[in-house]
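Trainee: My questions all concern the structure below.
The values are calculated or read from the model by the stated rules, or taken from the named source; none is laboratory data. Here the structure is a predicted model, which means the values were calculated and not measured. FYI the Cβ positions are ideal-geometry reconstructions off the backbone, even for glycines, and counts take in every protein chain you see.
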Amino acid sequence: MLLSCMLTITLSVTDLHIQRILLLVHNFVYHKDKLPEIFNNYFIFNNKIHNYNTHSASNIHLARVDTGYGQRSVCYAEVSL
């Protein structure tokens with residue numbers, strides 16, 4: 001007899017928000033051509049900021065933000081995740 005098991009995972013609103021941000025970043029890095037055009041320059045990689053050959057050159061650049069509003073933006077939040 002074959003038993004069927006169904007696993008249900010429920011995410012909190014905060015976890016769902018984080019998951020969607022990470023999905024956006026993944027699509028930006030690996031499937032940029034499938035994103036709407038508005039996201040073409042949404043994130044900047046460190047190698048576009050400086051020409052130093054560092055281990056973080058291929059990471060997304062974390063912009064300096066001085067306000068709480070800026071720290072809650074998607075552009076800032078995705079890098080800190």
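Trainee: Does Asn41 count as among the polar types (S, T, N, Q), exposed (fewer than 10 other Cβ atoms within 10 Å of the Cβ) and modelled with pLDDT under 85?
Mentor: In short, yes.
Trainee: Consider Phe43 against the criteria (1) touching a helix residue (DSSP H, G or I) at 6+ places or on another chain (Cβ under 6 Å); (2) more than 30 Å from Ile9 (Cβ to Cβ): it satisfies all of them except one. Which criterion is unmet?
Mentor: For Phe43, the failing item is (2).
Trainee: May I pose another question? Identify, by number, the condition in (1) exposed (fewer than 10 other Cβ atoms within 10 Å of the Cβ); (2) modelled with pLDDT of 80 or more that Tyr69 doesn't meet.
Mentor: Exception for Tyr69: condition (2).
Trainee: Go through the range 1-22 and give me each residue that's in a helix (DSSP H, G or I) and either at pLDDT 90 or above or of a type in the set (Val, Ile, Thr) (or both).
Mentor: Of everything in the range 1-22, those that are in a helix (DSSP H, G or I) and either at pLDDT 90 or above or of a type in the set (Val, Ile, Thr) (or both) turn out to be Val13, Thr14, Ile18, Ile21.
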